[in-house]
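Since the structure comes first, as structure tokens, the remarks are kept for the end.
The values are calculated or read from the model by the stated rules, or taken from the named source; none is laboratory data. No experiment lies behind these values; they were computed from the predicted model shown. Quick reminder, even Gly has a Cβ in these numbers, built from the backbone with ideal geometry, and neighbours come from all protein chains shown. Note: accessible area is taken over every heavy atom of the protein model, side chains too, but ligands, DNA and RNA are not part of it. Shrake-Rupley method; radii C 1.70, N 1.55, O 1.52, S 1.80 Å.
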Amino acid sequence: MKVNSGSGMGAVAAIVALISALGLASTASAAAPVGADGSIHGCYVAKGKHKGSLRLLPAGKRCKRKRHEKPIAWGVRGPQGTPGAQGEQGTQGPQGPAGASGISSEQLSALIDRINQQDATIASLTATIDGLTTTVDSLLAQVAALNGVLGGITNADLTGVVAKLDGVSHADLLSTVAALPALTAVCGQTSALTTRSNDLGGAITGLALAGTIPVGLLIDIPALPAALSAFSCPAF
């Protein structure tokens, strides 16, 4: 399309006419005049017989210097105007249905499954804690019993026992423990022999001669040993 501005209006009147023509043009034009930058590009003749003529410049084309054309462009949109006054506030919309939580059934089901898993984990931890509590109570009872056994035993006593056991092997301890019944029996017999010996000494001391002692009979009675002290076996 060419627009000739032969009158004194010049290129400005031609541009106005071109814009009006674009408003009536079909949108099915093969060569769109609006470029990628959002502007309309064209060429106008600066001198010569066709001075003032204006034509649209299709996308990708350039003005022809031989025809004394010069490029021209103008925006499809004008400058942005000042913002208008703020409108009045609209009426409040109707209230949504009661009980709407915005949570889907799938999310609610997943949340319930997670809660159940956490409950199972808590139950397992509780059972483990109960078992540990029982074990600790048993250990405390054993410690209390050990304290009763060791009551009155000083550090010096323990040190003396350790010194006596120095060099004693496990086999020696087992042999000593196995011999304890025999040692107990020997202690019992020793206590009985002590009692019998003292009884025999008392009987000899009480001997007396009855009747007439022949002349020249000499009775030599040796001195009896002192009575033995009472004997008791030590506790093992």
Quick one: dipole size for segment 78-190, taken about the Cα centre, charges +1 on Lys/Arg Cβ and -1 on Asp/Glu Cβ, in debye to the nearest 20.
160 debye
May I ask you to evaluate 6.51 cos²θ - 1.76 cosθ + 1.60, the Karplus curve with θ = phi - 60°, for each residue of segment 45-50 and list the ³J(HN,Hα) values in order in whole Hz, giving x for glycine and proline?
7, 7, 7, x, 4, 9
Counting just the Cα atoms, what span does segment 129-200 cover along each of its three principal axes? Round to the nearest Å and put the largest first.
71, 30, 25
What list of ³J(HN,Hα) couplings, whole Hz, do you get for segment 182-197 from phi and the Karplus terms 6.51, -1.76, 1.60, once you set θ to phi - 60° and write x for glycine and proline?
5, 5, 5, 5, 4, 4, x, 5, 4, 5, 5, 5, 4, 5, 4, 4
Length gained if Ile115 through Thr154 is fully extended, taking 0.36 nm per residue and subtracting the Cα-Cα distance, is 8.3 nm
Set Lys and Arg Cβ to +1 and Asp and Glu Cβ to -1, take the dipole of segment 67-189 about its Cα centre, and tell me which of Gly148, Thr176, Gln107 lies farthest positive.
Gln107
Restricting everything to alpha-carbon atoms, can you work out Rg to Rh for segment 30-187 with a Kirkwood hydrodynamic radius?
1.77
What residues have an amide H closer than 5 Å to that of Cys63, excluding those fewer than 5 places away on the same chain, when H is modeled at 1.01 Å from N in the peptide plane?
none
Quick one: 3J(HN,Hα) in Hz for segment 112-127, Karplus 6.51/-1.76/1.60 with θ = phi - 60°, rounded, Gly and Pro as x.
5, 4, 5, 5, 5, 5, 5, 4, 5, 5, 5, 5, 5, 5, 5, 5
Provide the solvent-accessible area of Arg55, counting protein heavy atoms only and rolling a 1.4 Å probe, rounded to the nearest 10 Å².
40 Å²
